[in-house]
Amino acid sequence: MTDRNHPGAGVDYEELYEAFLDLERVRRREAESRQVAEILLDGLRDLTSATTAQDGLDSVLSILRQAGGFAAVFVLVEEAQDVFKVLSSTDSVFEGTVWRKKEVFSRLLERMKPLVVYDTRSVPEWQRHPGVVRERAKAAVHAPFAFGRVRAVLTCVREENGACAQTDAKLLYRLMPLLEQTLLTMRRMDELRLAKAALHAKSCALESTVQENRLLARTDFLTDLPNRRGFFEAGAKEIRRAHRYGRPLSVLLLDLDHFKKVNDVYGHDVGDHVLAQFGQKCRGRLREHDLMARLGGEEFAVLLPETPVAEASQVAEGLRRFVEGSSLAGVLEAGEVTVSIGVCELAPQEDSLSEVLKRVDTALYMAKQAGRNLVRPEQAFPASRAS
């Protein structure tokens, strides 16, 4: 019969001890869950705030090393069949090391569950790295995982034999989703970076092609000078500028004299060479901001910004004398090719290059009629355009 007045009466100490153990297990699990949750939260926070995927991975490994109290943490990624290389590590001693799959890694990757190594000296994979084992890693826990089709191994090490335990394996097992997500993010960011680089390269190539086509559309293939289209586009800008700032703008119209004779006597190849040399040599005698163009055939034009008609006439006379004294194409004698030049200045109310060209063409016609190899400026603006 139980004495109810006795202090220990009715107490089942075994039950009480089991309840105490259950409570301790619950507390331990809660602590482990809280630890995992904190690591996950910190890892996700660092991953989302990282400027690069590599920074995100490095941060996650650093958090894991601190939380688990490990000497070092690193990730091995399969680069070739059964060959793994360290992708990221919290300790530089592991960086760049290459690992080959042997018995332990084979079992690890087959089971796809964390594996504790109590003494790394007994493991074939670790025996390839005796210096690392001696200095940093006496015990280790390996956790296999995959991101996409790529196999990888997370490795955490301690500096004492037998220091890694199954609790470490459980911790790594619960953190695998975070690491998988980290490496998936890393790969996607790398793919995105490569895609952006490829897109940028294609965009640059396309832009270069567009610019080249634009240039070709405005360039005379024979003389490498602007063509008629390029001349008119530049002329429209210069006319607007001249009117805006009230500055003079003159135009020269040049035509090679009796050029048909050159083609008939020497052939079209020599004639083309003469045109090319004429254009380039005359361009070389102009100012940098002047524009010379080939309008077609043996007809050329020059825009002279900031130049009144009197000064433009002097420029034209200099070109005429230069051509008269030049031996072009290495075949023609000096004086065998001459040029007639018409000169005129933009009128105050004139806003079309076509109108200016009509007037300068009249001046050129006068030079031709007067005997060729001459410069003829338009003496004054037309009466209807006088200010």
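Identify, please: which residue in segment 339-357 is of a type in the set (Val, Ile, Thr) and closer than 23 Å to residue 371 by Cα and is, among those, surrounded by the fewest Cβ atoms within 10 Å (Cβ to Cβ)?
339
Any residue in segment 304-319 that is in contact (Cβ under 8 Å) with a residue 12 or more places away in the chain, surrounded by 14 or more Cβ atoms within 10 Å (Cβ to Cβ) and in a strand (DSSP E or B)?
yes
Which number in (1) over 19 Å from residue 174 (Cβ atoms); (2) touching a Phe, Trp or Tyr at 6+ places or on another chain (Cβ under 8 Å); (3) surrounded by 18 or more Cβ atoms within 10 Å (Cβ to Cβ) marks the one condition that residue 123 misses?
(2)
Taking residue 361 as the residue in question, decide whether it is at pLDDT 95 or above, of a type in the set (D, E, K, R) and in the same structural domain as residue 298 (by TED's automatic domain parsing).
For residue 361, the condition - at pLDDT 95 or above, of a type in the set (D, E, K, R) and in the same structural domain as residue 298 (by TED's automatic domain parsing) - is met.
Counting only residues that are among the small types (Gly, Ala, Ser), modelled with pLDDT of 90 or more and either not in a helix (DSSP H, G or I) or not assigned by TED's automatic domain parsing to the domain that holds residue 311 (or both), how many does segment 335-358 have?
3
Would you say residue 158 is among the charged types (D, E, K, R) and within 17 Å of residue 61 (Cα to Cα)?
yes
I need the full set of residues from segment 276-303 which are among the basic types (Lys, Arg) and in a strand (DSSP E or B), in order please.
If the condition is that a residue be among the basic types (Lys, Arg) and in a strand (DSSP E or B), then 294 is the only one that fits.
Return the residues of segment 87-104 that are of a type in the set (D, E, K, R) and without any contact (Cβ under 8 Å) to a residue 40 or more places away in the chain; say none if nothing qualifies.
95, 100, 101, 102, 103, listed by residue number.
So is residue 235 buried (at least 19 other Cβ atoms within 10 Å of the Cβ) and more than 18 Å from the chain's Cα centre (by Cα) or not?
So residue 235 passes the test.
With the condition kept exactly as written, say whether any residue in segment 167-186 is in the same structural domain as residue 78 (by TED's automatic domain parsing), under 18 Å from residue 80 (Cβ atoms) and loosely packed, with under 15 Cβ neighbours inside 10 Å.
Checking segment 167-186: not a single residue is in the same structural domain as residue 78 (by TED's automatic domain parsing), under 18 Å from residue 80 (Cβ atoms) and loosely packed, with under 15 Cβ neighbours inside 10 Å.
Quick one: what pairs do we get from segment 355-380, first residue without any contact (Cβ under 8 Å) to a residue 60 or more places away in the chain, second of a type in the set (Asp, Glu), C-beta under 8 Å, 6+ apart or different chains?
359/378; 362/378
Check segment 246-266 and report whether any residue there is among the hydroxyl-bearing types (Ser, Thr, Tyr), surrounded by 21 or more Cβ atoms within 10 Å (Cβ to Cβ) and assigned to a strand (DSSP E or B).
Step one: of segment 246-266, the residues among the hydroxyl-bearing types (Ser, Thr, Tyr) are 250, 266.
Checking the rest, the ones that are also surrounded by 21 or more Cβ atoms within 10 Å (Cβ to Cβ) come to 250.
When the remaining residues are screened for being assigned to a strand (DSSP E or B), the result is 250.
Within segment 246-266, one or more residues are among the hydroxyl-bearing types (Ser, Thr, Tyr), surrounded by 21 or more Cβ atoms within 10 Å (Cβ to Cβ) and assigned to a strand (DSSP E or B).
How many residues are closer than 20 Å to residue 83 by Cα and in a loop (DSSP other than H, G, I, E, B) if we restrict to segment 119-144?
Selection size over segment 119-144: 3.
With among the β-branched types (Val, Ile, Thr) and within 19 Å of residue 242 (Cα to Cα) as the only criterion, which of 339, 360, 323, 375 stands out?
On the way: 339 fails: within 19 Å of residue 242 (Cα to Cα); 323 fails: within 19 Å of residue 242 (Cα to Cα); 375 fails: within 19 Å of residue 242 (Cα to Cα).
That would be 360, the only listed residue that is among the β-branched types (Val, Ile, Thr) and within 19 Å of residue 242 (Cα to Cα).
For residue 194, only one of the following conditions fails: (1) assigned to a helix (DSSP H, G or I); (2) in contact (Cβ under 8 Å) with a residue 40 or more places away in the chain. What is its number?
(2)
Can you name every residue in segment 274-290 that is over 12 Å from residue 256 (Cα atoms) and touching a residue at least 40 places away in the same chain (Cβ under 8 Å)?
276, 277, 280, 281, 282, 283
I'd like to check something: does segment 258-269 contain any residue that is farther than 19 Å from residue 345 by Cα, among the β-branched types (Val, Ile, Thr) and over 38 Å from the mean Cα position of the chain (by Cα)?
Checking segment 258-269: at least one residue is farther than 19 Å from residue 345 by Cα, among the β-branched types (Val, Ile, Thr) and over 38 Å from the mean Cα position of the chain (by Cα).
What pairs come up if the first residue lies in segment 148-160 and is not assigned by TED's automatic domain parsing to the domain that holds residue 137, the second is at pLDDT 90 or above and outside any strand (DSSP E or B), and their beta carbons are under 8 Å apart, counting only those six or more places apart or on different chains?
Qualifying pairs under 8 Å: none.
The values are calculated or read from the model by the stated rules, or taken from the named source; none is laboratory data. Note that the structure is a prediction, hence the values are computed from the model and not measured. Methodologically, a virtual Cβ is constructed for each residue, glycine included, from the backbone with ideal geometry; neighbour enumeration extends over all protein chains shown.
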